[in-house]
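Participant: I have a structure I would like to understand better, so I am pasting it below and will then ask my questions one at a time.
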Amino acid sequence: MRLRTALNRNIKDERGSFSVEAILMFPLLAWAFLAMYVFFEGLRESNINVKAAYTVADLLSREQDDVTNELLIGTQRVYEWLSRSRQPVRLRVSVVTYDDVTEEHNRLWSREITSEGVGPGLTQADIATVVSPHVPIMASSAQAIVVESWSTYVPVIEMGLTTTEFYNIVVTAPRFAGQLGIEGLGDNTGLGHDDDTAEDNTIPDT
């Protein structure tokens, strides 16, 4: 009877040691707080990159003159500054037009911009797979500016979220001009011919 009474008393006893409970729960709480920080920081970085890509697209949509190598490099620097990325970032700007007869998007020009300079972008063969799924059906001969951006997010601690590359694609239309041209398109004034051959697409770094 005494043993049973003692067991019942211990079973019903709701007193405890805070220090023991804290030691048991602290690792789990620490992991939860760090994981929440990593995920929310990743979400914040992703949101910042989306806004930066939209800003660059809006800047280009307001251009009324032909863009130059220097301007494209400037947009890459703007994106780099807005995204506050500690890793290298790159952009790809493409201008396409819609053909209502073939119901296809045709490339007018495309350039990829990194911290090292400006290089060839998408070919016409790439447009159908990379750009067309994101560009709506437009009026015949209407133009669209397509801005793609890449930025790498490296979490301070890899807890469920590892190094991730943020990719965004923004489609907009020229605002104040009928088209967004590029200096030297189709001649030898600095940007080279804009056809699908690799050697003609080569652009000297600036």
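The values are calculated or read from the model by the stated rules, or taken from the named source; none is laboratory data. Small disclaimer: the values here were computed from a predicted structure and weren't measured. Cβ sites come from the backbone with ideal geometry, for glycine too, and all protein chains shown count toward neighbours.
Participant: Just to be sure I understand the filter: pairs with C-beta atoms under 6 Å, separated by 6 or more residues or on different chains, first member in segment 165-189 and farther than 22 Å from Ala142 by Cβ and of a type outside the set (D, E, K, R), second member modelled with pLDDT under 85 and crowded, with 17+ Cβ neighbours inside 10 Å. Which pairs pass?
Facilitator: Gly184/Leu191
Participant: Hey, can you tell me all the residues within segment 132-164 that are of a type in the set (S, T, N, Q) and either touching a residue at least 12 places away in the same chain (Cβ under 8 Å) or in contact with a Lys or Arg (Cβ under 7 Å, 6 or more places away or on another chain) (or both)?
Facilitator: Within segment 132-164, Ser132, Ser140, Ser141, Gln143, Ser149, Ser151, Thr152, Thr164 meet the criteria.
Participant: Scan Ser46, Ser110 and give me the residue that is touching a Lys or Arg at 6+ places or on another chain (Cβ under 8 Å) and either more than 27 Å from Ala125 (Cα to Cα) or among the small types (Gly, Ala, Ser) (or both).
Facilitator: Answer to the selection: Ser110.
Participant: Please find, within segment 78-101, the residue that is surrounded by the most Cβ atoms within 10 Å (Cβ to Cβ) out of those that are in contact with a helix residue (DSSP H, G or I) (Cβ under 8 Å, 6 or more places away or on another chain) and assigned to a helix (DSSP H, G or I).
Facilitator: Among those that are in contact with a helix residue (DSSP H, G or I) (Cβ under 8 Å, 6 or more places away or on another chain) and assigned to a helix (DSSP H, G or I), it is Tyr79.
Participant: Of everything in segment 100-115 that's of a type in the set (A, V, I, L, M) and over 10 Å from Ser140 (Cα atoms), which residue is nearest to the chain's Cα centre (by Cα)?
Facilitator: So, considering only residues that are of a type in the set (A, V, I, L, M) and over 10 Å from Ser140 (Cα atoms), the one nearest to the chain's Cα centre (by Cα) is Ile113.
Participant: Follow-up question, since we're still on this one. Could you identify the single residue in Thr75, Thr129 that is surrounded by fewer than 17 Cβ atoms within 10 Å (Cβ to Cβ), among the hydroxyl-bearing types (Ser, Thr, Tyr) and either closer than 25 Å to Leu185 by Cα or in contact (Cβ under 8 Å) with a residue 60 or more places away in the chain (or both)?
Facilitator: Thr129
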